[in-house]
Structures are given as C-alpha cells and as structure tokens.
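Trainee: Can you keep this structure in mind? I'll have questions shortly.
The values are calculated or read from the model by the stated rules, or taken from the named source; none is laboratory data. Every value quoted in this text rests on a predicted model; they were computed, and no experiment measured them. Reconstructed Cβ throughout: ideal geometry from the backbone, glycine too, with neighbour counts over all protein chains shown.
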Amino acid sequence: MGLPPLSKIPFILRPQAWLHRRHYGEVLSPIRWWGRIPFIFYLVSMFVGWLERKRSPLDPVVRSLVSARIAQMCLCEFCVDITSMKVAERTGSTDKLLAVAGWRQSPLFSDEERLALEYAEA
C-alpha cells in the first residue's frame, strides 16, 4: 500500500500548480505526489526541459514518439496521456500515436523515427 497524494500543495510547488491550472485547467495529480519529494520533481522537470529545448538536435515529433513509446513500456498511464497529447499536437493526427506500440510493422514511420524508437526500446 502506497502513500496517498498530499491534499495541500507545498509552497515550493505552487508555481508549478499555477502553470498546471493555466495550461490544463486543473492541477494534475502528480504535483500532489511530487510534493512529498519536490527535489526529485525539479530534477525531472529540468531534464524534461532540457530534452524539449528549442535547440534540441532531435525533431519534436521524434522526441514525442520516443517519449510516448517509453511511457507505454513503463506502463505509466499519466505519462501515456501526457505524451499522447504531445504526439497528437505535433503530428496533427492520432495515426502515429495509435501505431507507436507496433511501430515495426507500421508503414507510417520514417527511417529516423524507426531508428529512434528502436534505440528507445534497446
């Protein structure tokens, strides 16, 4: 049995909660979980920010596809939801999103996307 999420958001995470409300219309539940160990939350946030930076050598669609596939492999429902939204936003459809679990058999993916997905599964 795990710990329940915090009912009050810690002071240090309130700026993130404000951004969540602004972007998603509500505070997403991971903020309440991360409140137990905010230092790790900020490390993960910085890492994701670094991956999603504008000068990243990886194409945004490739980054999103890889993130979606990793979320699927980790069985993290929240992560699958968030990355699915990004894939749909960046590709303009849900075709690749629906095919990402079976990317090896799908003709929808470019060579670059296939290489990145294979690396992610390695």
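Trainee: Could you name every one of the helices (runs of 4 or more DSSP H) located completely within the range 1-100 that has at least 1 residues being under 21 Å from Glu121 (Cβ atoms)? Break it down into steps so the answer makes sense when it comes.
Mentor: Working: elements: 14-24, 29-34, 38-51, 60-74, 77-91, 95-99.
Ranges flagged: 38-51, 60-74, 77-91, 95-99.
Trainee: Please verify whether Cys79 is in contact with a helix residue (DSSP H, G or I) (Cβ under 9 Å, 6 or more places away or on another chain), under 21 Å from Ser29 (Cβ atoms), surrounded by 13 or more Cβ atoms within 10 Å (Cβ to Cβ) and of a type in the set (A, V, I, L, M, F, W, C), treating the condition exactly as stated. Walk me through it before giving the result.
Mentor: On the way: in contact with a helix residue (DSSP H, G or I) (Cβ under 9 Å, 6 or more places away or on another chain): yes; under 21 Å from Ser29 (Cβ atoms): yes; surrounded by 13 or more Cβ atoms within 10 Å (Cβ to Cβ): yes; of a type in the set (A, V, I, L, M, F, W, C): yes.
Yes.
Trainee: Quick one: would you say Leu108 is over 21 Å from Ile31 (Cα atoms), touching a residue at least 40 places away in the same chain (Cβ under 8 Å) and either outside the structural domain of Glu121 (by TED's automatic domain parsing) or not in a helix (DSSP H, G or I) (or both)?
Mentor: Numbers: over 21 Å from Ile31 (Cα atoms): yes; touching a residue at least 40 places away in the same chain (Cβ under 8 Å): no; either outside the structural domain of Glu121 (by TED's automatic domain parsing) or not in a helix (DSSP H, G or I) (or both): yes.
The answer is no for Leu108.
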